[in-house]
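The values are calculated or read from the model by the stated rules, or taken from the named source; none is laboratory data. It should be emphasised that the depicted structure is a prediction, and the values quoted were computed from it without experimental measurement. Glycine also receives a Cβ, built like all others from the backbone with ideal geometry; neighbour counts cover every protein chain displayed.
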Amino acid sequence: MVKVNENYLKLKAGYLFPEIAKRVRLHSQKINPLDLIKLGIGDVTEPLPKICIEAMSNALKEMSTSEGFKGYGPEQGYKWLREKIAKNDFSARGCEIDADEIFISDGSKCDTSNILDILGNDNQIAVTDPVYPVYVDSNVMTGRTGNALDKGGYEGLTYLPISEENDFKPEIPSTKLDIIYLCFPNNPTGATISKDEIKKWVNYANDNNSLIFFDAAYEAFIKDVNIPHSIYEIEGAKNCAIEFRSFSKNAGFTGVRCAYTVIPKSLKGICSYGDEIDLWSLWNRRQSTKFNGVSYIVQRGAEAVYSQEGKIEVQNLVDFYMNNAEIMRNRLINAGFKVYGGVNAPYVWLKVPDKMSSWDFFDYLLEKSNVVGTPGSGFGLAGEGYFRLSAFNSLENVTSAMERIINI
Ligand code: MLT
């Protein structure tokens, strides 16, 4: 019989969000499903920006003519989109990123997992705890960890705790780590990191020849002008960091699929015989072999995000969700909950009341109020005792969910 990848057998339970969906499905059988309010998975609810729809329908029409038809596109993405990104997301913030250091993809979830393809299995890897579970699970699946530990987590991974004590910012390690995943604005805690704080990480990485995976999927939600949107705003970051960005949350592309990853040409890795290899070439090789690129239509939609009208529409979407986050924070704080995040991020991270466990609170809230959130322990051991609420929903649903939570 065919042999399976036994690393998958090390994975604990299912992926967090399908597990939540399963419990919600069971609960829905007992109630009117329309009564459910889902603030669990961070999936957007508002329609796409009009300018993106227009750009995508024009692209589709173009494809319906012999002159405008397109077959396979470049695996790295169309030049015109990469150039718009370089100009608007980087040059405009004083970062020098070349268009060809930008690789268009169908999602940051895929990219943060696939990037492991180009890196050795014996790197010492660190994640924060709590953490976006994809980082951990993809390391488990590719055999970069040992077994699951009884107390939670996996052998072989280094966990950098983030909690109220350190303001949800990981301490700089005292030992050498090869790869460090950082996500800011943070999923799940909604915490942010200042330029000075991220500078310490860049210095650490450059001093230790480490590589930072900087997931900036939520940068559009930053309101505070002092918080960096990109790690490349920090000098030296081009020698030690890969950045992941997405159109999912700012432009509502979770169902359209478009993201990008920045691999500076100055980034190097080392091979066993001591030669330095540039990571850009390896990723370019990987993408050319395993990826066919994002569709022309979708890339035209993403390009429209950078038009004048697109910028306004995207800002309106961001403001809409951040207004939800503010309402959530205020209502919960007034009701006596201890609340974090939700100021420069679309996630509100609250302390579970009455010393309940995160999953018990999840079940209790679902049962009593038909509101779905995400149990903090699903993001790691240190997430136990916390609960994440997403601001991605209609104003009506968010307001009503807060009333229900406050009154249970
Ligand atoms: C989340 O809820 O954490 C996000 O939706 C996950 C994702 O973007 O993949």
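Filtered by the rule that a residue be more than 14 Å from the ligand (Cβ to nearest atom) and assigned to a loop (DSSP other than H, G, I, E, B), the range 23-45 gives 29, 30, 31, 32, 36. All conditions but one from (1) away from the ligand (no atom under 16 Å from the Cβ); (2) under 30 Å from residue 351 (Cβ atoms); (3) modelled with pLDDT of 95 or more apply to residue 147; the one that does not is (2).
Residues of the range 173-212 that are farther than 21 Å from residue 235 by Cβ, surrounded by fewer than 16 Cβ atoms within 10 Å (Cβ to Cβ) and of a type in the set (D, E, K, R): 176 alone. For the range 131-138, does any single residue satisfy the condition of being more than 16 Å from the ligand (Cβ to nearest atom) and either touching a strand residue (DSSP E or B) at 6+ places or on another chain (Cβ under 9 Å) or not assigned by TED's automatic domain parsing to the domain that holds residue 216 (or both)? There is no residue in the range 131-138 that is more than 16 Å from the ligand (Cβ to nearest atom) and either touching a strand residue (DSSP E or B) at 6+ places or on another chain (Cβ under 9 Å) or not assigned by TED's automatic domain parsing to the domain that holds residue 216 (or both).
Of all residues in the range 368-397, those satisfying the criterion of being touching a Lys or Arg at 6+ places or on another chain (Cβ under 9 Å) and either assigned to a helix (DSSP H, G or I) or not assigned by TED's automatic domain parsing to the domain that holds residue 324 (or both) are 368, 369, 376, 378, 379, 381, 397.
Report yes if residue 175 is under 24 Å from residue 229 (Cα atoms) and in the same structural domain as residue 115 (by TED's automatic domain parsing), otherwise no.
Against the criterion (under 24 Å from residue 229 (Cα atoms) and in the same structural domain as residue 115 (by TED's automatic domain parsing)), residue 175 does not qualify.
Note on the range 32-60: residues that are in the same structural domain as residue 22 (by TED's automatic domain parsing) and free of Cβ contacts under 8 Å to residues at least 24 places away in the same chain amount to 3. Within the range 110-131, the set of residues being hydroxyl-bearing (Ser, Thr, Tyr) and touching an Asp or Glu at 6+ places or on another chain (Cβ under 7 Å) comprises 112 only. Taken as a whole, the structure places residue 169 among residues that are surrounded by 15 or more Cβ atoms within 10 Å (Cβ to Cβ), more than 16 Å from the ligand (Cβ to nearest atom), without any contact (Cβ under 8 Å) to a residue 40 or more places away in the chain and closer than 20 Å to residue 242 by Cα. Quick one: is residue 115 modelled with pLDDT of 95 or more, more than 30 Å from residue 378 (Cβ to Cβ) and in a helix (DSSP H, G or I)? Criteria not met by residue 115.
Can you say whether residue 361 is assigned to a helix (DSSP H, G or I) and surrounded by 18 or more Cβ atoms within 10 Å (Cβ to Cβ), as far as the supplied structure shows? The answer is yes for residue 361.
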